[in-house]
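Take a look at the structure set out below.
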Amino acid sequence: MRVLVIGSDSPLGRVLVELLEDLSRHDVVCLTRSASRWKSERQAKKAVRRAEANVVVDIRVEAVADGGQDVVDLDLKRCQWVAKACQRDGACYMFISSSRVFSGDLDRMYNEGDLPDNNSDTGLLLADAEQVVRKYCDRYLILRLGPVFASDGANLVTRVLGELVSGENLVLDNNLRGCPVASGDGARVISALLDQQSVGAELWGTYHYCSTETATHYEFAEAVLAAASQFSDVSTGAVELMPLDPDAPSLNRSLECSKIRNTFAIKQQPWRNAIADQVKQYFQQQT
């Protein structure tokens, strides 16, 4: 099967491409984020058609959202162009989304039947992008992930370790709880979905995946700093963690993942198991 990865240079995209190439089950075509900043539908359709892919995996918007950048209207328009191109060519559009479509106001985990309720600009545009995918492409998979972390790119791991090296204090959210996803774990899940597609599974729809353990940004940063002491001479005591607002109401963006487990036999993994490797890779990249 031939797979086009849009956003192949994002933290998740890089690990996914590496995994797919190592497994050698599919032919992989890469398109970086800069190469997919199309200005017109014609440019987008040309790029998708040139790839001749059976499945298009679109990581662009997830990378923007988890990188702390703003998702903009043009990102939404590009999703429409890709969806229409996939519909025309009979390809599957696998759109990687985020738990950020939810506000965290529910007192339980969010399932796939819950309507997006995050009224922030990013949350609204993510939800709109998902709707565009559903509207313009019949063969779609929307995969919502918890916050993706990696040893490179803009994410909480690199932010914490960057402040550790510079000796700055960190003020972090300690009221919003979620289930972070290591980039390698996210790549594993996407690869498993691709394998199912290659054998003819046509189980279109929206699916959730996140790790098995919840954490706030504050708790996650504590785990990162604990791991950093194994690989760096920099004293972790040089960084002071401070909660953003101790009196803020508790929120929870955890995702309920039974659907992806029951449909594709994909089991969740704990995020803590990946922290040490990500921290080690971060310091290796700094040398």
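The values are calculated or read from the model by the stated rules, or taken from the named source; none is laboratory data. What you see is a predicted model; the values in this text were computed from it and never measured. FYI the Cβ positions are ideal-geometry reconstructions off the backbone, even for glycines, and counts take in every protein chain you see. Heads up: the accessible areas ignore ligands, DNA and RNA and are worked out on the full protein's heavy atoms, side chains in. Shrake-Rupley method; radii C 1.70, N 1.55, O 1.52, S 1.80 Å.
For region 71-78, check the following and say yes or no: at least one residue is without any contact (Cβ under 8 Å) to a residue 60 or more places away in the chain and β-branched (Val, Ile, Thr). Yes: one or more hits. Taken together, the residues in region 38-76 that are within 30 Å of Asp173 (Cα to Cα) and either among the acidic types (Asp, Glu) or not in a loop (DSSP other than H, G, I, E, B) (or both) amount to 13.
Mind listing whichever residues of region 152-163 are on the phi < 0 side of the Ramachandran plot and open to solvent by 10 Å² or more (accessible area, probe 1.4 Å)?
Taking region 152-163 and keeping what is on the phi < 0 side of the Ramachandran plot, we get 152, 154-163.
Residues satisfying the conditions are Asp152, Ala154, Asn155, Leu156, Thr158, Arg159, Gly162, Glu163.
Of all the listed residues (Leu225, Leu241), the sole one being open to solvent by less than 60 Å² (accessible area, probe 1.4 Å), touching a Ser or Thr at 6+ places or on another chain (Cβ under 8 Å) and either over 27 Å from Gln87 (Cα atoms) or at pLDDT below 95 (or both) is Leu225.
In region 6-21, the qualifying residues are those that are in contact with a helix residue (DSSP H, G or I) (Cβ under 6 Å, 6 or more places away or on another chain) and β-branched (Val, Ile, Thr), and the one that is surrounded by the most Cβ atoms within 10 Å (Cβ to Cβ) is Ile6. Taken as a whole, the condition of being among the aliphatic types (A, V, I, L, M) and more than 21 Å from Cys137 (Cα to Cα) applies to Val15. Scanning region 164-196 for residues that are open to solvent by 20 Å² or more (accessible area, probe 1.4 Å) and closer than 22 Å to Asn262 by Cβ returns Arg188, Ala192, Asp195, Gln196. Each residue in region 97-144 was checked for being open to solvent by 10 Å² or more (accessible area, probe 1.4 Å) and either touching a Cys at 6+ places or on another chain (Cβ under 8 Å) or not β-branched (Val, Ile, Thr) (or both), and 30 of them qualify.
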